[in-house]
Ligand SMILES: Nc1nc2c(ncn2[C@@H]2O[C@H](COP(=O)(O)OP(=O)(O)OP(=O)(O)O)[C@@H](O)[C@H]2O)c(=O)[nH]1
Ligand SMILES: [Mg+2]
């Protein structure tokens, strides 16, 4: 059972990794923010706030928050012995179930820290993987999350074995849905290979859809952006449909597609929602989600949604661009600031001044959504051209579907047709050699 369907989700959650599935009350978490040498404490505040939200989304309660300055990373315990002792005392005194580090720990550091704290120790990567496991709904997303978790857990199993089998195993140790994660080191490689094969099989379906879309010249527009920016809400508003929206990080981990009918144009656009991005998104996740992210790479246009009310929109924009680079998505984008109902005039002026080509909308209130749709249409379909084309008589029906035919004349090589046609369709038909440009 997924946590979303659990009626008592406020204070109980299902552990899927222990021998028996059991309900446990919310874990008490100790959060440790890290400020490295050359880093400024204030800059790390946002990262820590994000960690608090991640912990809440994972179903734990951030009981105590501590920030530690780390001058030199200790290879054994990440932070120095003195600080660790202080934190262990805090953990003991407050009956902490899980300690969360806002950084990436090596498998050995995690093992060492688990022994010192005598409870679960999870890093940022483990936490993000855990939320993906909670939210994966489709078969494809579940397989991809399990693959990422298995790759992450493999070198950590030596230090985890016991915890995984204890009743108290939690964040970072559960698989998607009802899945039991493979915890036997000898079997995990087999499982990883099997998962890869299964993902390949499932993604065949996506390839079929994709080739069908291309055959029909249907444009694909993908909505990308930082987690919680309002991507699903925007998709819902643009297409007047229902999707899963929540004030949670990574509410969407599946990619969902909807049709957008445009007035005055015969054909529709496919709009695709995607998984949200975050700072330091684990590379195993990006790797594992490659097939889901093909909707981003194959898109004709990206709608890059930014939360206008965020304290650090620039960082969010940069993070999204970095991840797009990482997956080698080279697609034009429209920058869209969402949630403008949540900011004051001065902040809106600042953003409009700084991002002059962006569109400013409120998906919940519907402000400027029409403008956004018209911008998408112009960007995708381009201008209306009046051109003269050469075409074989058998393809006339196809041309008719994508243009308004003004006149047809028989000539030696075939038909000479004058049409009014959008750039997008003209380019597609030229590329497929269905038509030749005469003038
Ligand atoms: N005030 C306000 N809230 C919004 C707006 N758009 C979305 N939200 C809220 O922001 C939260 C996140 O919205 P989602 O649509 O789930 O965001 P998302 O980008 O799909 O998030 P993930 O799938 O988790 O990456 C929800 O609580 C929405 O109701 C808006 O224009 N104004
Ligand atoms: Mg979403």
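Please treat every number below as a calculation from the coordinates, not as lab data. Note that this is a predicted model, so its numbers are computed, not measured. Note that we place each Cβ from the backbone using ideal geometry, even for glycine, and neighbour counts take in every protein chain shown.
By how many degrees, between 0 and 90 and to the nearest 10, does the Cα long axis of helix 81-93 differ from the longest principal axis of the chain?
That helix lies at roughly 80 degrees to the long axis.
Below 8 Å between Cα atoms, with a sequence gap of 6+, how large is the relative contact order for the chain in percent?
On the way: 758 pairs, mean separation 49.6, N = 439.
Result for the chain is 11 percent.
Roughly how many nanometres apart are two label points built 7 Å out from the Cα toward the Cβ at residue 71 and residue 213?
5.4
Please build a GNM for the chain, connecting alpha carbons under 10 Å apart, and tell me which residue among 80, 366, 414 fluctuates the most.
For the chain, modelled as a Gaussian network with Cα springs under 10 Å, the answer is 414.
I'd like the FRET efficiency for residue 423 and residue 193, computed as 1/(1 + (r/R0)^6) with the beta carbon distance as r and R0 of 41 Å, rounded to 0.05. Before the final figure, lay out each step's value.
Values: r = 45 Å, r/R0 = 1.11.
Efficiency, from the Cβ-Cβ distance: 0.35.
For the chain, just say rounded, prolate or oblate: build the C-alpha gyration tensor, square-root its eigenvalues into a ≥ b ≥ c, call rounded for a/c under 1.5, and beyond that prolate if a/b exceeds b/c, oblate if not. Working shown, then result.
Values: a/c = 2.69, a/b = 1.94, b/c = 1.39.
Prolate, because a/c is 1.5 or more and a/b exceeds b/c.
Compute the angle between helix 107-117 and the longest alpha-carbon principal axis of the chain, please, reported from 0 to 90 degrees and rounded to the nearest 10.
Relative to the chain, helix 107-117 is tipped by roughly 40 degrees.
What FRET efficiency comes out for residue 326 versus residue 261 if R0 is 25 angstrom and r is the Cβ-Cβ distance? Round to the nearest 0.05. Provide the component values of the computation, followed by the final result.
Values: r = 34 Å, r/R0 = 1.35.
Efficiency, rounded to the nearest 0.05: 0.15.
For segment 216-381, what number results from the quotient of the Cα radius of gyration and 2.2 N^0.38 Å? Don't skip to the end; give the middle numbers.
Details: Rg = 15.0 Å, N = 166, 2.2 N^0.38 = 15.3 Å.
Scaled against compact globular proteins, the figure is 0.97.
Have a look at the DSSP beta bridges in segment 295-439 and tell me what percent are antiparallel, nearest 5.
On the way: 20 of 28 bridges.
Here the antiparallel bridges make up roughly 70 percent for segment 295-439.
Quick one: angle between helix 345-354 and the longest Cα principal axis of the chain, in degrees between 0 and 90, rounded to 10, please.
Computed tilt is about 60 degrees.
Antiparallel DSSP bridges in the chain: what percent, to the nearest 5? Spell out each step's value before the answer.
Values: 30 of 65 bridges.
So the antiparallel bridges in the chain amount to around 45 percent.
What's the Cα-based Rg to Rh of segment 384-437, Rh via Kirkwood? Intermediate results must be reported in sequence, preceding the final value.
Numbers: Rg = 9.7 Å, Rh = 10.7 Å.
With Rh from the inverse mean 1/r over Cα pairs, Rg/Rh is 0.91.
Can you tell me the length gained on complete extension of the stretch residue 290 to residue 318, counting 0.36 nm per residue apart and subtracting the Cα distance?
Numbers: separation 28, 0.36 × 28 = 10.08 nm, distance 2.02 nm.
The residue 290-residue 318 span can extend by a further 8.1 nm.
Mind checking which of 390, 281, 335 has the largest fluctuation in a GNM of the chain, springs on alpha carbons under 10 Å?
Among 390, 281, 335, the largest mean-square fluctuation in the Gaussian network model of the chain belongs to 390.
What FRET efficiency do you get for residue 154 and residue 404 if R0 is 60 Å and r is their Cβ-Cβ distance, rounded to the nearest 0.05?
Details: r = 59 Å, r/R0 = 0.99.
The computed FRET efficiency comes out at 0.50.
For a footprinting-style exposure proxy, rank 317, 131 by other Cβ within 10 Å, fewest first. Kindly include the intermediate steps, with their values, before the conclusion.
Working: 317 19, 131 25.
Ordered from fewest to most neighbouring Cβ atoms within 10 Å, 317, 131 come out as 317, 131.
Can you show me the helix-derived [θ] at 222 nm for the chain, built from DSSP H runs with n ≥ 4 at -39,500 (n - 2.57) apiece and divided by the number of residues, rounded to the nearest 500. Intermediate results must be reported in sequence, preceding the final value.
Working: 15 runs with 180 residues, N = 439.
For the chain, the value works out to -12500 deg cm²/dmol.
Which of 221, 70, 296 moves most in a GNM of the chain, Cα contacts under 10 Å?
70
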